[in-house]
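Below: one structure, written as structure tokens.
The values are calculated or read from the model by the stated rules, or taken from the named source; none is laboratory data. In this text, all values refer to a predicted model and were calculated from it rather than measured experimentally. Positions of Cβ are generated from backbone atoms using ideal geometry, with glycine treated the same way; all protein chains shown enter the neighbour counts. Only protein heavy atoms, including side chains, enter the accessible area calculation; ligands, DNA and RNA are left aside. Shrake-Rupley method; radii C 1.70, N 1.55, O 1.52, S 1.80 Å.
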Amino acid sequence: MEGSGRIMQGAVMNFIDGAYTPGTSGKTFRNISPVDGSLVSEVHEAGEADVDAAVRAAAAAMDGDWGRMPVAERVKMVAAIADGITKHFDDFLEAEVADTGKPVSLASHLDIPRGAANFQIFADTVKQHHDEAYRMPTPDGTGALNYTVTKPKGVIGVICPWNLPLLLMTWKVGPAMACGNAVVVKPSEETPTTAAMLGQVMNEVGVPAGAYNVIQGFGPGSAGEFLTQHPGVDAITFTGETATGEAIMRNAAKGVRGVSFELGGKNPAIVFADCDMDKAIEGTARSVFANCGQVCLGTERVYVQRPVFDEFVTKLKAAAEGLKCGAPGDKDTNLGPLISVEHRNKVLGYYEKAREAGATVVTGGGVPDMGNALAGGAWVQPTIWTGLGEDAAVVREEIFGPCCHIAPFDDEDEVIRLANDTPYGLACSIWTENLSRAHRVAPQVEVGICWVNSWFLRDLRTPFGGSKQSGIGREGGFYSLEFYTETSNVCVKL
Ligand code: NAD
């Protein structure tokens with residue numbers, strides 16, 4: 001992965017203090033294709049000494065050229081990282097698709113462009129940020145002047161999931177670096193490549209060594225835990241499962257380090273009888289099945305008002321059955337595999353639980369026949385259930401697969417209660433053509449983001465995050481500055 005031309009694929013390494021390194025653990029692990037079970041690459045696992053080296057390199061960068069860089073120069077550099085990703089678009093696309101198995105059509109429209117946009121938007125945000133000043137009267141009549149000073153927090157530990165690897169990683173690294181922090185990134189063991197590749201972009205645009213570091217490995221007893229336990233890490237930002245967030249929070253408690261968490265969800269969609277049915281079907285089909293259901297914002301519970309319940313179920317079934325599983329590069333593929341055979345076992349476990357609980361399987365419920373060439377992949381059928389109570393496991397627990405349960409409801413109060421009856425609070429979609437109803441219902445749903453007649457429509461300046469057990473903090477636009485900077489006040493007696 002060295003040099004300034006094409007970013008090469010080979011063994012995936014750690015990126016510490018501006019250089020690729022296999023690290024000192026002597027251990028590697030296999031990065032397996034979810035499409036057919038073949039080997040994508042060997043990955044060099046970081047040992048505790050490598051994590052320590054990465055954190056020290058980051059701290060040294062804060063004390064050196066990176067920490068001293070004027071804001072104007074820094075934001076220009078962060079914008080150049082966005083251009084660097086775009087310059088290497090095809091390499092990033094190829095790597096992301098190889099690691100995740102997702103359709104090229106999806107990754108080329110979502111993952112890679114958003115990876116670049118996440119640097120550009122925060123370069124713009126930080127450029128526009130200004131400190132505040134307040135004059136205050138004093139008893140002696142001379143007054144005082146207060147002004148705020150915004151500083152980077154220091155070394156940020158960034159721990160990422162596998163579902164949207166580059167997108168979710170840069171959503172943290174973009175604002176962290178734009179605010180002047182140095183980062184140590186631990187990508188998911190399932191998707192190690194694009195985070196490593198970004199190291200070359202950093203070098204190409206001249207980011208000082210140590211400002212961006214990547215350590216490869218797992219969570220407990222490996223790079224993830226070593227990073228969150230390291231006393232040199234000033235704050236931790238994490239996207240992943242709620243249970244992992246709890247483990248990270250325990251480590252962050254030592255030294256009272258700040259955390260920003262984007263966690264799991266069990267997101268409802270609410271379909272009123274006065275919706276535009278075609279829009280509701282198109283949007284719900286995307287929110288249930290996009291990325292094979294592996295989107296934190298995805299819908300797994302659909303509540304449909306009784307008069308249109310049967311019509312909705314029939315039409316969503318048709319949409320599910322119209323999806324085409326296949327190799328990522330095939331033009332008509334719009335459903336990839338799950339991330340791994342292990343994750344498929346978990347999802348199929350829920351398919352079994354639904355059957356045991358007495359669900360009506362409207363469509364799917366098993367594994368598609370993909371032919372010999374793709375038989376080793378983590379394929380699963382898009383699946384719809386009806387007929388379960390609200391206490392069923394597939395209605396309560398996050399599955400993270402291409403599936404949903406559809407239940408009927410009668411009135412607004414009932415559906416608001418159903419939507420909120422979950423420990424999670426990430427996202428919701430409401431489908432109605434009645435403007436008053438939309439405004440009445442949306443604020444009552446206990447979520448961080450509520451869409452009306454859409455899903456995953458994102459303005460990156462808006463606050464993003466989860467309520468209840470779906471997260472801590474908000475990121476996006478100026479909201480990201482609250483976590484990635486330390487604001488102090490200077491009070492001058494005049
Ligand atoms: P995960 O929690 O299993 O792993 C996420 C990362 O944490 C990985 O890099 C993993 O190696 C690391 N990790 C695991 N245990 C750790 C520990 N004890 N200490 C430190 N690091 C540790 O999550 P996943 O399976 O990769 O991703 C899927 C989950 O992420 C789903 O629950 C999904 O809802 C959630 N998610 C949330 C959002 C959001 O914005 N709210 C976005 C995407 C995914």
Revision key, fill the gap. Reported set for the stretch 109-134 where residues are part of a helix (DSSP H, G or I), closer than 29 Å to Val490 by Cβ and of a type in the set (Gly, Ala, Ser) is Ala123
Exercise for review: Go through the stretch 258-282 and give me each residue that's among the charged types (D, E, K, R), more than 16 Å from the ligand (Cβ to nearest atom) and outside any helix (DSSP H, G or I).
Suggested key: Asp274, Asp276
Practice item. Considering every residue within the stretch 400-418, establish whether at least one is touching an Asp or Glu at 6+ places or on another chain (Cβ under 8 Å), assigned to a loop (DSSP other than H, G, I, E, B) and modelled with pLDDT of 95 or more. Key: no
Review point. Which of (1) open to solvent by 10 Å² or more (accessible area, probe 1.4 Å); (2) under 29 Å from Asp111 (Cα atoms); (3) not small (Gly, Ala, Ser) is the odd one out, the single condition Arg257 does not satisfy?
Key: (2)
Practice item. Answer with yes or no whether Glu342 is modelled with pLDDT of 95 or more, assigned to a helix (DSSP H, G or I) and among the acidic types (Asp, Glu). Key: yes
Practice item. May I ask you to list pairs of residues, at least six apart or on different chains, whose Cβ atoms are under 9 Å apart, with the first in the stretch 199-212 being within 17 Å of Met13 (Cα to Cα) and open to solvent by less than 40 Å² (accessible area, probe 1.4 Å) and the second being assigned to a helix (DSSP H, G or I) and among the basic types (Lys, Arg)? Key: Val201/Lys87; Gly210/Arg56
Review point. Which is small (Gly, Ala, Ser) and either open to solvent by 10 Å² or more (accessible area, probe 1.4 Å) or without any contact (Cβ under 8 Å) to a residue 12 or more places away in the chain (or both), of Gly180, Gly141?
Key: Gly141
Review point. Looking at the stretch 284-323, which of the residues that are open to solvent by 30 Å² or more (accessible area, probe 1.4 Å) and part of a loop (DSSP other than H, G, I, E, B) is farthest from the ligand (Cβ to nearest atom)?
Key: Gly322
Check your understanding: Looking at Ile270, Ile339, Ile281, which one is touching a residue at least 24 places away in the same chain (Cβ under 8 Å), under 18 Å from Ile399 (Cβ atoms) and either surrounded by fewer than 19 Cβ atoms within 10 Å (Cβ to Cβ) or β-branched (Val, Ile, Thr) (or both)?
Key -> Ile339
Revision key, fill the gap. Screening Ile81, Ile16 for residues that are under 23 Å from the mean Cα position of the chain (by Cα) and open to solvent by less than 60 Å² (accessible area, probe 1.4 Å) leaves only Ile81
Point to revise | Search result, residues across the stretch 365-394 that are within 24 Å of Ala419 (Cβ to Cβ) and either in contact with a Pro (Cβ under 6 Å, 6 or more places away or on another chain) or modelled with pLDDT under 95 (or both) | key: Pro382
Check your understanding: List the pairs whose first member sits in the stretch 114-126 and is assigned by TED's automatic domain parsing to the domain that holds Gly174 and touching a residue at least 60 places away in the same chain (Cβ under 8 Å), whose second member is open to solvent by less than 10 Å² (accessible area, probe 1.4 Å) and of a type in the set (Ser, Thr, Tyr), and whose Cβ atoms are under 9 Å apart, counting only residues at least 6 apart or on separate chains?
Key -> Gly115/Thr170; Gly115/Thr194; Ala117/Thr170; Asn118/Thr170; Phe122/Ser480; Phe122/Tyr484; Thr125/Ser480
Review point. Which is touching a helix residue (DSSP H, G or I) at 6+ places or on another chain (Cβ under 6 Å), assigned by TED's automatic domain parsing to the domain that holds Lys315 and open to solvent by 20 Å² or more (accessible area, probe 1.4 Å), of Val362, Val380, Val367?
Key: Val362
**Study point:** Hits in the stretch 451-488 - residues which are away from the ligand (no atom under 13 Å from the Cβ) and in a loop (DSSP other than H, G, I, E, B)
**Key:** Asn453, Ser454, Trp455, Leu457, Asp459, Leu460, Arg461, Thr462, Gly477, Phe478
Point to revise | Residue among Pro187, Pro165 that is surrounded by 24 or more Cβ atoms within 10 Å (Cβ to Cβ) and free of Cβ contacts under 8 Å to residues at least 60 places away in the same chain | key: Pro187
